[in-house]
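Heads up: the structure comes next, in structure tokens.
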Amino acid sequence: MLFRIDAKPNRLTAWTLSWFLFASGIALYFYTSNKRHIENPEDKVIPNLTQLSQGVTDAFLKPDTEEAAPEGLENASLPKKFLTSMLWTDTVASAKRFAWSMLLLIPAVVLGLHMGMFPVFGQFFLRFILFFDKIIALSVLPILFIAFGIDELAKIMLIVIGVTPTIILDTFNLTKSVPSEQVVKGFTLGAQDFGVAYSIVLKQILPRVLNSIRLNLKSIMLFLFAGEMIASQDGLAFRIALLRRHMGMNVIIPYVLWVALLLFLVDLTMRVTNRKLHPWFREA
Amino acid sequence: MPELIQLENVGVIYNVHGHAPKQVLQGLNLTIQPGEFVAVCGQTGCGKSTMLRLILGAERPSSGRVLIEGCERPRPDRHRGYVPQKYSLFPDKTVLDNITFGPETEEFGLIGRLRPGFRRRREELREKAFGYLRQMGLQQSDAHKYPDQLSGGMQQRVAIAQALIMRPAILLMDEAFSALDPGTRADMQRLVRTLWQETGTTFLFVTHNIPEAVYLGSRIVVLGKDSPESSSRVLVDMEVPESARTASGYPNREELERLTRVIEDAALGGRLELEMAEFGG
């Protein structure tokens, strides 16, 4: 049954199989935590449920510092407490950088499209982008900090350098993969060069480009986290790096799960949007 | 008055990476008058599609000249409609949007769709597109389907409508029915013949199927090589008089025998009879 390629697990089996590793992971965590707490009740490496609850409360309902707390916060409603919490302010700070990085991917898509459509454009940029793509973005981090300072620009540039060459080359390849018949057809229907590029080719490749960006979300976050961990005063990764020094695992773990949840939601939103915007598109 | 299409001593050489350049066509001369239905046939690799792409403007000759209405037009344009075998429709657009794409693009361009009159004009064009859909034998309910929801035959019907709505001077069809089943193919052949008779558009139809060429063409051009090493040239160029056709659309027996003999003698050595039998003529 296990190694039969024609196996068809029923609904209950499929559900059980898909959740088994999650359940096992949680069980193993609490088993290990319990064992360590028997040896050392103050253990902070693998916090128990009580410590985790405290960490979640601190992260989700308390501000970063006492000074940052507005007056009367103690009696405020839960949503208000959440909106002034450490987690929320860090999330907003990281989300801003993430949004800027996503916006900067638009020129990357346009460049890839033009490289694929217009040979002169392609010849001018392709070799350079191919070379740029091979540079490990983190290796130029010191140069970025020297060139752009340690402010927001350096962190955003890190993401740009890390992800845009991939998106440019992906878009370029997708553009090239559009059958030449479609381009010729466009001209015979009265379209001009930009009309063919934007009304025919871009519309056809857009769902795949969005998929490519979706698959690169983790890389975007990776570079964002690297920048925040090294030089930042706020943000999700900054907090994780800060708490690491104090062994604040009871807050780090909720933060990590929160980041995973956010990324999952962004991915889901992009997938649903892609499907709604391009009902004709069938994923291979 | 210049000829509609004129190929003057056209040669095409392809540079093949790591190999000697390959001469596909050499010294090709052909003149096509308005209103003709030219069926171009020949064996695979003889340069039929290359010739079509030259006339379309999608490819340039290595030597010689391709003239459209007396001028060299090195890029495809709205005067030359195109129906390829594959990828004939835009997959991201519905049937209706595929058909109206041409007129909308021509009238409004890339950003003109933001102009105030666009919506009203679009409705008019949609009405016109429905007319073409009916002419192609498609239902109104097909209008909002995407190409991948249509059969191969239906897709080609839409592709023909998409090309014809532009009222091109020439309609170039490259093995447009090759992927269709025999029944659908016969239906499409009848449709194309009717459209040619009704619209008076010049058709250039590339096929490797001789019965198809005989049925459709008012003129048959056979491309081929004198020897495996040589490049292709026009081996046969002959008229099929409409008066010689029977009610089924096929040439009568004497005309069919004449066509068969000419093509056999010149090029294909006995293959015509076999394919004609397959076609059920």
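Assorted remarks:
- Any hit, region A:42-49, residues being within 26 Å of residue A:246 (Cα to Cα), among the polar types (S, T, N, Q) and surrounded by 10 or more Cβ atoms within 10 Å (Cβ to Cβ): yes
- Single residue of region A:188-206 satisfying the filter (over 13 Å from residue B:102 (Cβ atoms), in contact with a Leu (Cβ under 7 Å, 6 or more places away or on another chain) and facing chain B (nearest Cβ under 7 Å)) that is surrounded by the fewest Cβ atoms within 10 Å (Cβ to Cβ): A:194
- Test: residue in region B:161-173 that is touching a strand residue (DSSP E or B) at 6+ places or on another chain (Cβ under 8 Å), over 16 Å from residue B:137 (Cβ atoms) and not aliphatic (A, V, I, L, M): yes
- Residue that is modelled with the highest pLDDT [pool: residues in region B:176-215 that are of a type in the set (A, V, I, L, M) and more than 24 Å from residue B:241 (Cβ to Cβ)]: B:176
- Residue satisfying condition, being out of contact with any Gly (no Cβ under 6 Å at 6 or more places or on another chain), modelled with pLDDT of 90 or more and surrounded by 15 or more Cβ atoms within 10 Å (Cβ to Cβ), within set A:125, A:148, A:131: A:125
- Elements of type helices (runs of 4 or more DSSP H) contained in region A:211-284, each with 1 or more residues being within 14 Å of chain B (Cβ to nearest Cβ) and touching a residue at least 60 places away in the same chain (Cβ under 8 Å): A:249-277
- Selection within region A:1-29 - surrounded by 10 or more Cβ atoms within 10 Å (Cβ to Cβ) and hydrophobic (A, V, I, L, M, F, W, C): A:14, A:15, A:17, A:19, A:20, A:23, A:26, A:27, A:28
- A single entry from A:99, A:59, A:108 fulfils the requirement of being in a helix (DSSP H, G or I), closer than 30 Å to residue A:171 by Cα, of a type in the set (Gly, Ala, Ser) and touching a helix residue (DSSP H, G or I) at 6+ places or on another chain (Cβ under 6 Å): A:108.
- Qualifying residue in region A:234-249 (condition: at positive phi and either surrounded by 16 or more Cβ atoms within 10 Å (Cβ to Cβ) or in contact with an Asp or Glu (Cβ under 6 Å, 6 or more places away or on another chain) (or both)): yes
- Any hit, region A:168-177, residues being surrounded by 19 or more Cβ atoms within 10 Å (Cβ to Cβ), within 14 Å of another protein chain (Cβ to nearest Cβ) and part of a helix (DSSP H, G or I): yes
- Test: residue in region B:92-101 that is more than 9 Å from chain A (Cβ to nearest Cβ) and modelled with pLDDT under 90: no
- Failed item in (1) part of a helix (DSSP H, G or I); (2) farther than 30 Å from residue A:176 by Cβ, with residue A:130 passing the rest: (2)
- Summed over region B:166-189, the residues that are touching a residue at least 40 places away in the same chain (Cβ under 8 Å) and either of a type in the set (Ser, Thr, Tyr) or touching a Gly at 6+ places or on another chain (Cβ under 6 Å) (or both) give a count of 5.
- Pairing residues of region B:106-119 that are within 14 Å of residue A:190 (Cα to Cα) with residues that are among the charged types (D, E, K, R) and part of a helix (DSSP H, G or I), at Cβ distances under 7 Å and at least 6 apart in sequence or on separate chains, gives B:107/B:121.
- Matching residues in region B:155-189 - criterion: being in a helix (DSSP H, G or I) and more than 14 Å from chain A (Cβ to nearest Cβ): B:157, B:182, B:183, B:184, B:185, B:186, B:187, B:188, B:189
- On inspection, residue B:134 fails the criterion of being within 25 Å of residue B:185 (Cα to Cα), more than 9 Å from chain A (Cβ to nearest Cβ) and buried (at least 22 other Cβ atoms within 10 Å of the Cβ).
- Enumeration of residues in region B:42-79 that are surrounded by 17 or more Cβ atoms within 10 Å (Cβ to Cβ), more than 14 Å from chain A (Cβ to nearest Cβ) and assigned to a loop (DSSP other than H, G, I, E, B): B:42, B:46, B:47, B:61
- The requirement of being in contact with a strand residue (DSSP E or B) (Cβ under 6 Å, 6 or more places away or on another chain), on the phi > 0 side of the Ramachandran plot and not in a helix (DSSP H, G or I) is not satisfied by residue B:18.
Results for (1) under 25 Å from residue A:181 (Cβ atoms); (2) charged (D, E, K, R); (3) exposed (fewer than 12 other Cβ atoms within 10 Å of the Cβ), shown as yes or no for each residue.
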position: B:9; (1), (2), (3): no, no, no
position: B:16; (1), (2), (3): yes, no, yes
position: B:26; (1), (2), (3): no, no, no
position: B:31; (1), (2), (3): no, no, no
position: B:40; (1), (2), (3): yes, no, no
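- Here residue A:185 clears all of (1) at the interface with another protein chain (Cβ under 8 Å from one of its Cβ atoms); (2) more than 25 Å from residue B:174 (Cα to Cα) except the condition numbered (2).
- One residue alone among B:127, B:107 is among the acidic types (Asp, Glu), over 23 Å from the mean Cα position of the chain (by Cα) and either assigned to a strand (DSSP E or B) or within 14 Å of chain A (Cβ to nearest Cβ) (or both), and that residue is B:107.
- Hey, residue B:87 free of Cβ contacts under 8 Å to residues at least 40 places away in the same chain, on the phi > 0 side of the Ramachandran plot and either buried (at least 16 other Cβ atoms within 10 Å of the Cβ) or facing another protein chain (nearest Cβ under 10 Å) (or both) or not: yes
The values are calculated or read from the model by the stated rules, or taken from the named source; none is laboratory data. Just so you know, these numbers come straight off a predicted model, no measurement behind them. We place every Cβ from the backbone using ideal geometry, glycine too, and count neighbours over all the protein chains shown.
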